[in-house]
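Report on the structure given below.
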Amino acid sequence: MALFLDTAKIELRAGKGGDGAVSFRHEKFVPDGGPWGGDGGRGGDIFLIVDEGLNTLMDFRYHRIWKGNAGEKGMTKGMHGHGAEDIYLNVPEGTTVKDAETGEVLADLRENGETFLAAKGGRGGRGNMRFATHNNPAPEVAENGEPGQEHTLMLELRVLADVGLVGFPSVGKSTLLSVISNARPKIGAYHFTTLVPNIGMVHVGYGSSFVVADMPGLIEGAHQGAGLGIEFLRHIERTRVLLHVIDMSAIDGRDPFEDYLTINSELESYDLRLLERPQIIVANKMDMPQSVENLKEFKKKLINKFGEFADLPQIIEISALTKDGLSGLLEATADLVKHTGEFKLYEDDQFAESDEAYYGFEDEVGKLEFSVYREDVSTWVLGGVKLERLFKMTNFDHDESVMKFSRQLRSMGVDEELRRRGAKDGDIVRIVKFEFEFVD
Ligand SMILES: Nc1nc2c(ncn2[C@@H]2O[C@H](COP(=O)(O)OP(=O)(O)OP(=O)(O)O)[C@@H](O)[C@H]2O)c(=O)[nH]1
Ligand SMILES: [Mg+2]
């Protein structure tokens with residue numbers, strides 16, 4: 001579980017394969033020279049590729065439909081058409097790819113440069129050279145290119161927060177996020193202003209940045225459901241560092257040190273081992289006069305409890321209101337993020353490289369071979385994945401190709417089914433946009 005911040009629905013249409021050619025060799029002493037039509041080139045694939053420089057799916061909101069390049073047609077003299085160039089769409093790290101209709105997860109793209117074959121281009125149609133047989137040495141048969149795959153995908157960017165902001169309500173977590181990042185969370189003087197986690201991207205100096213997640217406030221007994229509970233903590237299960245924000249002004253009348261202990265014990269109650277992450281204690285609201293004295297107390301109690309030589313977290317004083325101390329906090333945080341390894345809850349990828357299993361043509365073919373629908377007394381409409389693909393790959397300019405197509409229909413059992421349903425000689429049969437007569 002992580003945050004689903006950003007989503008985009010995209011439609012991909014991979015390139016169609018080039019059509020195969022029908023042509024014949026004309027040689028002096030050969031009466032009807034052999035077939036000489038080359039194959040069409042393959043249609044272009046559409047890939048997704050991880051680009052670590054991106055951090056949103058914004059680009060896809062303005063450009064939703066992507067079409068692959070078509071393969072070149074086959075030519076005479078046995079020349080094959082060129083395969084089309086593939087298209088690569090850049091996505092940010094952490095993009096989950098789902099089938100938009102079924103919701104099935106197809107890939108979880110994490111590493112820079114990782115690719116995913118999202119829509120496969122069609123194969124080129126075979127030219128008539130390929131159909132020559134002993135019995136039919138000069139076939140007028142060629143295939144059209146196969147259509148490219150069409151898929152509607154849902155992209156989801158689960159932003160992996162590097163840093164989580166935790167603490168009691170109203171200690172200033174959202175205020176802090178608003179002054180260190182581009183995020184504009186709601187800020188309020190009342191408890192539980194933040195109801196769902198907010199996220200922000202923080203840039204520190206050149207090229208260094210990290211993602212901060214601002215959590216709703218925790219209170220004592222949160223692990224038993226008090227306040228907003230602790231369910232939302234699952235959103236920071238992958239963070240490396242926690243910023244433990246404490247209201248040093250104690251304006252709500254609580255003791256800052258007790259706050260610190262209470263929050264830690266709530267974090268501990270959650271089974272994500274959150275206490276294993278390094279913390280920075282953020283002493284906030286240092287602009288308030290009583291804060292200085294309170295901080296002294298806090299430090300004293302910390303040492304009393306854990307001992308002078310304990311490995312205690314660093315304490316950084318800030319005022320999110322006046323913005324004092326922020327640069328020091330950000331530098332320390334960036335440093336800690338950099339030196340803390342990724343926190344792994346699960347072993348790597350449950351998503352095997354399943355491109356082929358999911359996209360293999362063979363798989364799709366055969367699932368829905370054909371469908372027959374009676375439009376009126378004498379008109380029949382044929383459909384189905386396999387049948388429509390065969391249709392699209394047939395070159396109707398040549399009688400022989402048409403005959404080949406009708407043989408293929410017969411072997412699929414289409415004729416039989418039409419007859420069974422009561423089709424008569426002379427009825428109209430329609431496939432896609434083409435109509436022809438049914439001849440029993
Ligand atoms: N004086 C002072 N007030 C602050 C400071 N930071 C935040 N506040 C105030 O504290 C109140 C709570 O701030 P929020 O940022 O909403 O607190 P929060 O921790 O996000 O609270 P919840 O979302 O309810 O958990 C607001 O009135 C802020 O203006 C600060 O550094 N100094
Ligand atoms: Mg808040």
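The figures follow:
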read-out: Potential extension, residue 66-residue 11 segment - 0.36 nm per residue separation minus Cα distance; value: 19.2 nm
read-out: Dimensionless Rg ratio for segment 134-255, taking C-alpha atoms and the 2.2 N^0.38 Å reference; value: 1.88
read-out: Degrees, to the nearest 10: 399-412 long Cα axis against longest axis of the chain; value: 60
read-out: Extension gain, residue 381 back to residue 132 (0.36 nm per residue minus Cα-Cα distance, nm); value: 86.4 nm
read-out: Kirkwood hydrodynamic radius (C-alpha pairs) into Stokes-Einstein, segment 33-189, 20 °C and 1.002 mPa s, D in µm²/s; value: 110
read-out: Cα-based equivalent ellipsoid, segment 379-437: semi-axes from gyration tensor eigenvalues, Å; value: 18, 12, 12
read-out: Whole-number Å³ per residue for the convex hull built on Cα positions in the chain; value: 200
read-out: Crossing angle, helix 326-338 versus the chain [Cα axis fit, 0-90 degrees, rounded to tens]; value: 50
read-out: When each of 16/98; 186/323; 98/338; 98/404 is checked by Cα-Cα distance, pairs over 29 Å; value: 98/338; 98/404
read-out: MRE, 222 nm, helices only [DSSP H, n ≥ 4, -39500 (n - 2.57), over the chain, to nearest 500]; value: -6000 deg cm²/dmol
read-out: Full-extension gain in nm, residue 105 to residue 311, via 0.36 nm per residue minus C-alpha separation; value: 69.9 nm
read-out: DSSP bridge pairs, the chain: antiparallel proportion in percent, nearest 5; value: 60
read-out: Ranked packing of 233-243, 311-321, most packed first, by mean Cβ within 10 Å; value: 233-243, 311-321
read-out: Dipole of the chain [Lys/Arg +1, Asp/Glu -1 at C-beta], most positive-end residue of 197, 383, 236; value: 383
read-out: Angle in degrees between helix 290-306 and the longest Cα principal axis of the chain, rounded to the nearest 10; value: 80
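Where a number appears in this text, it was derived from the coordinates with a stated rule and is not lab data. Model, not experiment: these values are computed from the prediction. Backbone-built Cβ (ideal geometry, glycine too); neighbour counts: all protein chains shown.
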